[in-house]
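A short worksheet on the structure shown next.
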Amino acid sequence: MCGIAGIINLTRTAPNSSALFSMTQSMVKRGPDDEGYLLHNENSTPFSGNDTLIKKHKHISTALNHSFKVGFGFRQLKIIDLSNNSHQPMSDLGQKYWIIFNGEIYNYKEIKNELISLGYRFFSNSDTEVILNSYIEWGEKALDKFNGMFAFSIFDKIKNEVFIARDRMGIKPFYYYHTKDQFIFGSTIKSIIDSKIYTPAINWDGLTQNFRFSIAQRPNTSFQNIIALEAAHYLKINLNTNNIRKHQYWEIPVNTQDFSLTEKQSKNLIEENLIKAVNYRLNADVEVGTFMSGGIDSTTISVLASKTNPSIKTLTLGFTEFEDFNEIKEASETASLNNLNHKINFTKSSEILTNIDTIVTAYEEPYLGLSANFILAKIASKNNLKVILNGLGGDELFGGYDVYNKLALWNKLKTYKHLFKLMPNIHPKIKKAIDISQYNTVGEFYSHYYTNYDDKEISKLFRTQIKSTQNTISETYNPSNINFTDDFEAISFYNLKSYISNHQMRTTDHCSMHFSFEGRFPMLDHNFIEASFKIPTKYKIQNNIQKYILKEVAKEYIAPCCFNMNKKGLSLPLKHWISSDLKDFIYDAILKLKNRNIFNNKEIDQILKLNNPNKIWQLVSTELWIDKFISTK
């Protein structure tokens, strides 16, 4: 788990190693354990940095006047192979290929054995070297073999090409800025800004999507000309022609439901794949722990992990002031039932409220709320853990959200929508309930349920003309108009594409990296996802029981009280804080935002009167974001 940065000078060589150094230094928290650089012109020359463990190379500061075609920067958080042999940028034995890599390949030992049988020799025990030799042997087809989370860049001197790839679910970030002269990339947007080559500005289309869906839909970002490489994609940059080609190498496996599966077979398929996914993610040369709320997903993962590692630490977050948000009882009963090494970590409101500036910096884009991810990351750090297993993915795959329950109602109401048009005097509450009948496609229906500001509100608020976001989800993620097996499958597809890959992965990765640890997600294992999509929908919601088949698996492992708990997620008392602890803070932020005259100030006043916490915080976070990243004042 690391931070990677790169500058590729396309039309000419340039002496911008100081920019590369600044980019890499901005990611110290992503990789506090080691540092390295590579500059290539006619020859490939490695350099050291302030924190480099291997001192045999010159410091990057000696190369400030060196012109180069390809430059790599790297910060390392040591997880697999703690020796100096895992140093990056790493080359093959012949120094014809160089790699920088952020992430983990969980099945690297299996792939390594295959490569050894083909005659490859290894000088390290790292998964980085496995990726490099896999690329040498199989090219882009190597991506099909990797089970993991990754963003990496390989300079191929033989082809005079740079190969860049991102994992199937977009767990590890990769951003880039591309002009005719340069291609600049990094694990964070801030690293690109810190190069001083890019000048940050607002992308109004991206910000529109941010207000609608809580995050710009990738590849869009809220920054003008900053692009996010999409999940399950790779890039090839031909340094002879400067041609850049993008390809998708994997897709979420819709239309694969196996209707011959019985309930028992479905349960066994999920259980077998989940156990394997959990065990893969216990591979590390440092201590591994788990986050365990009282919910189904994280408790099941924690118990399964303890079967392989009985001493594994299971961490639960507790709130001292807002006990309604706690899941301590359920987590504690599961821990007692399985004799887990359980640690409850209590937090106060002040730990969130005094770190708002830090959280905004970590998020890098506006966000409609405050997430507990920051505190969870801090807890992991306090417990001296570098690796934490997390339960993300279960709700998206098995129907844990309210949107799945509303599908049947939506389909019924659609058939009567022509009648509703003939009834102008419907009671407002009833009208609101039947409004979903107006959405013709599952993409529109999904967008309705994941809306903070709708297009009409955004149009009133923004001074610039906005593009409609009504079909953004389907146009972005389903441009070929896939015919899904059913609407449940479509919602899962969009949730994995939009909510998990864009929203959840961004906040989780950026917060965890701020505290120099990595999150691992067994339910986002691509084999587990493929197994989940084989399960017929009737086993995912049955007799109005959401996540039915996953709960059938969980019954063998977790406390019965977990199944009766109301869904809480990682909620925080934002509504309470807006009217109390944060009241003055919000007033000041809104005043600053109004003074910028980029929004309709009368509309801002109307939003404040409605007292919707997510809408208010969207405005506040936008001001904080502009002040932190955009404003030159």
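Using a simple spin-label model with pseudo-atoms 7 Å out from Cα toward Cβ, Thr62 and His576 lie 5.9 nm apart.
In plain terms, the chain from Arg121 to Asn85 could stretch by 11.6 nm, reckoned as 0.36 nm per residue minus the Cα-Cα distance.
Across the chain, C-alpha contacts under 8 Å between residues 6 or more apart give a mean separation that, scaled by the residue count, equals a relative contact order of 16 percent.
Loop-located GluC sites (Glu not before Pro) in segment 509-569 (DSSP state not H, G, I, E or B) with no more than 14 neighbouring Cβ atoms inside 10 Å: Glu556. The simple Förster model, with R0 at 30 Å and r as the Cβ-Cβ distance, assigns Trp250 and Val286 a FRET efficiency of 0.55. Mean residue ellipticity at 222 nm, helices only, the chain: -10500 deg cm²/dmol; runs of at least 4 DSSP H residues each add -39,500 (n - 2.57), and the sum is divided by the number of residues.
Rolling a 1.4 Å probe over the heavy atoms of the protein chains gives the chain an accessible area of 40 Å² per residue. Note on segment 1-75: with neighbouring protein chains present and a 1.4 Å probe, carbon and sulfur make up 49 percent of its accessible heavy-atom surface. Rounded is the label for segment 72-157, because the ratio a/c of its alpha-carbon gyration tensor axes (a ≥ b ≥ c) stays below 1.5.
Between rounded, prolate and oblate, where does segment 514-578 land on the alpha carbon gyration tensor, with a ≥ b ≥ c its root eigenvalues, rounded for a/c under 1.5, else prolate if a/b exceeds b/c? Oblate.
Here the accessible area is traced with a 1.4 Å probe on the protein chains. For segment 272-336, carbon and sulfur cover 48 percent of it. Between Glu137 and Ser18, the FRET efficiency from the beta-carbon distance, with R0 = 30 Å, is close to 0.25.
Given Cα pairs under 8 Å that are at least 6 residues apart, what percent is the relative contact order of segment 1-150?
Details: 279 pairs, mean separation 38.0, N = 150.
It rounds to 25 percent for segment 1-150.
Segment 272-320 and segment 236-253 have their alpha-carbon centroids 36 Å apart. Label sites at Asn160 and Asn611, each approximated as a point 7 angstrom past Cα along Cα to Cβ, lie 6.8 nm apart. Of the GluC sites (Glu not before Pro) found in segment 194-284, the ones in coil according to DSSP and having at most 12 other Cβ atoms within 10 Å of their Cβ are Glu251. Note that the chain shows a convex hull volume over its alpha carbon atoms of 162 Å³ per residue. With all protein chains in place and ligands, DNA and RNA left out, the 1.4 Å accessible area ranks Leu368, Leu385, Leu337 as Leu337, Leu368, Leu385, largest first.
On the accessible surface of segment 575-633, probed at 1.4 Å, how many percent belong to carbon and sulfur atoms?
47
The values are calculated or read from the model by the stated rules, or taken from the named source; none is laboratory data. Note that the structure is predicted; figures quoted are calculated from it, not measured. Cβ coordinates were reconstructed from backbone atoms using ideal geometry, including for glycine residues, and neighbour counts include every protein chain displayed. Areas reflect the complete protein model, heavy atoms only, side chains present, ligands, DNA and RNA absent. Shrake-Rupley method; radii C 1.70, N 1.55, O 1.52, S 1.80 Å.
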